[in-house]
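Enquirer: Here it is, the structure, as structure tokens.
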Amino acid sequence: MTKVAIIYHSGYGHTKLVAEAVAEGAAGVDGVSVDLVTAEDATDDLDRFDDADAIIFGSPTYMGSASGPMTTFMDATSKVWAEDRWKDKVAGGFTNSGSMAGDKFVTLQQFAVLAAQQGMIWVPLAMKNETNGPDMPAGDPKGLNRTGHYFGPGTQSDNAPAEKGNPPEGDIRTAQAYGERVAKAAIRWGTGPL
């Protein structure tokens, strides 16, 4: 069984909905189990991820950076780094903010740098923006990767309660596809020649 861990922080519930969509996509792959964990719980139990084949990081972007609880978790992983415990695990990341841009790329870069320092293998979104055609205008809420992020999903939600439709359908489907992609990458990486 391939194990995918998703470690996330969600301040208002929007990023939790995205994390659940990533988990759903990963769990839909045969032979994959998913462990969905808050950053706060992860910080207190880093040993929990020793048997994970892939770890996906998720956080809202606040003021152009990952949230405080997520950066606290990231700092705590120095203990893991010292022992190379996450070396060669597959990694990925996602973020959400209240605007289309919101400097989300900085948060995704933070996750990619964390993965690089840990010796992990980063999996990008690898999905074209599907809202720039005659049938779907740019930014359409039903479009996949409508915000045009490629390091990982950069979803957007309105500054309103987290519920079905906020984040929109296209962002949720993008997150599901990303979870599936990372899970399949973990299977390939775990069974292929090294």
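The values are calculated or read from the model by the stated rules, or taken from the named source; none is laboratory data. Because the structure is a prediction, the values reported are computed rather than measured. Cβ: placed from backbone, ideal geometry, glycine included. Neighbour counts: every protein chain shown. Note: accessible area is taken over every heavy atom of the protein model, side chains too, but ligands, DNA and RNA are not part of it. Shrake-Rupley method; radii C 1.70, N 1.55, O 1.52, S 1.80 Å.
Enquirer: Which of (1) farther than 20 Å from residue 60 by Cβ; (2) modelled with pLDDT of 90 or more; (3) surrounded by fewer than 18 Cβ atoms within 10 Å (Cβ to Cβ) is the odd one out, the single condition residue 106 does not satisfy?
Expert: Among (1) farther than 20 Å from residue 60 by Cβ; (2) modelled with pLDDT of 90 or more; (3) surrounded by fewer than 18 Cβ atoms within 10 Å (Cβ to Cβ), the lone unmet condition for residue 106 is (1).
Enquirer: For residue 51, state whether it is outside any strand (DSSP E or B), more than 24 Å from residue 4 (Cα to Cα) and charged (D, E, K, R).
Expert: It is false that residue 51 is outside any strand (DSSP E or B), more than 24 Å from residue 4 (Cα to Cα) and charged (D, E, K, R).
Enquirer: Is it true that residue 62 is open to solvent by 10 Å² or more (accessible area, probe 1.4 Å), closer than 16 Å to residue 108 by Cβ and touching a residue at least 24 places away in the same chain (Cβ under 8 Å)?
Expert: Yes; evaluated as a whole, the condition is true for this residue.
Enquirer: When residues of segment 91-103 are filtered for being within 12 Å of the chain's Cα centre (by Cα) and either charged (D, E, K, R) or more than 15 Å from residue 167 (Cα to Cα) (or both), how many remain?
Expert: 3
Enquirer: Scan segment 4-52 residue by residue and report those that are more than 22 Å from residue 164 (Cα to Cα) and open to solvent by 60 Å² or more (accessible area, probe 1.4 Å).
Expert: 30, 40, 41, 44, 45, 47, 48, 50, 51
Enquirer: Taking the residues in segment 162-174 that are part of a loop (DSSP other than H, G, I, E, B) and open to solvent by less than 40 Å² (accessible area, probe 1.4 Å) as candidates, determine which candidate is farthest from residue 30 (Cα to Cα).
Expert: 162
Enquirer: In segment 78-92, is there at least one residue being under 28 Å from residue 139 (Cα atoms) and part of a strand (DSSP E or B)? So that I can check it myself, show each step before the final result.
Expert: Taking segment 78-92 and keeping what is under 28 Å from residue 139 (Cα atoms), we get 91-92.
This time we only want the ones that are part of a strand (DSSP E or B), so: 91-92.
Yes, segment 78-92 has at least one match.
Enquirer: Name the single residue, out of those in segment 1-27 being touching an Asp or Glu at 6+ places or on another chain (Cβ under 6 Å) and not in a helix (DSSP H, G or I), that is farthest from residue 82 (Cα to Cα). Even if it seems obvious, please write down each step before you answer.
Expert: Step one: list which residues in segment 1-27 are touching an Asp or Glu at 6+ places or on another chain (Cβ under 6 Å), which gives 2-3, 5, 25.
Subset that is not in a helix (DSSP H, G or I): 2-3, 5.
Details: 2: 25, 3: 23, 5: 20 Å.
Here the residue is 2.
Enquirer: Filter segment 73-88 down to the residues that are more than 17 Å from the chain's Cα centre (by Cα) and either hydrophobic (A, V, I, L, M, F, W, C) or more than 17 Å from residue 52 (Cα to Cα) (or both) and list them by number.
Expert: If the condition is that a residue be more than 17 Å from the chain's Cα centre (by Cα) and either hydrophobic (A, V, I, L, M, F, W, C) or more than 17 Å from residue 52 (Cα to Cα) (or both), then 75, 76, 78, 80, 81, 82 are the ones that fit.
Enquirer: Right, next: What pairs can you find where one residue is in segment 139-160 and over 9 Å from residue 125 (Cα atoms) and touching a residue at least 60 places away in the same chain (Cβ under 8 Å), the other is open to solvent by less than 20 Å² (accessible area, probe 1.4 Å) and among the acidic types (Asp, Glu), and their Cβ atoms are less than 8 Å apart, with a gap of 6+ or different chains?
Expert: Between residues of segment 139-160 that are over 9 Å from residue 125 (Cα atoms) and touching a residue at least 60 places away in the same chain (Cβ under 8 Å) and residues that are open to solvent by less than 20 Å² (accessible area, probe 1.4 Å) and among the acidic types (Asp, Glu), the close pairs are 155/171; 156/171; 157/171.
Residue-wise test of (1) open to solvent by 80 Å² or more (accessible area, probe 1.4 Å); (2) at pLDDT below 95; (3) in contact with a Phe, Trp or Tyr (Cβ under 8 Å, 6 or more places away or on another chain).
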{"site": "145", "(1), (2), (3)": "no, yes, no"}
{"site": "148", "(1), (2), (3)": "no, yes, no"}
{"site": "160", "(1), (2), (3)": "no, yes, no"}
{"site": "176", "(1), (2), (3)": "no, no, no"}
{"site": "183", "(1), (2), (3)": "no, no, no"}
{"site": "187", "(1), (2), (3)": "no, no, no"}
{"site": "191", "(1), (2), (3)": "yes, yes, no"}
{"site": "194", "(1), (2), (3)": "yes, yes, no"}
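Listed here are the residues, each with its yes/no results for (1) closer than 24 Å to residue 4 by Cβ; (2) modelled with pLDDT of 95 or more; (3) surrounded by fewer than 19 Cβ atoms within 10 Å (Cβ to Cβ); (4) among the small types (Gly, Ala, Ser).
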site: 94; (1), (2), (3), (4): yes, yes, no, no
site: 98; (1), (2), (3), (4): no, no, yes, yes
site: 101; (1), (2), (3), (4): no, no, yes, yes
site: 119; (1), (2), (3), (4): yes, yes, yes, yes
site: 130; (1), (2), (3), (4): no, no, yes, no
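Enquirer: Moving on. Pick from 73, 57: which is assigned to a helix (DSSP H, G or I), touching a residue at least 12 places away in the same chain (Cβ under 8 Å) and either of a type in the set (A, V, I, L, M) or within 18 Å of residue 108 (Cα to Cα) (or both)? Spell out how you get there, then give the answer.
Expert: On the way: 57 fails: assigned to a helix (DSSP H, G or I).
Only one candidate qualifies: 73.
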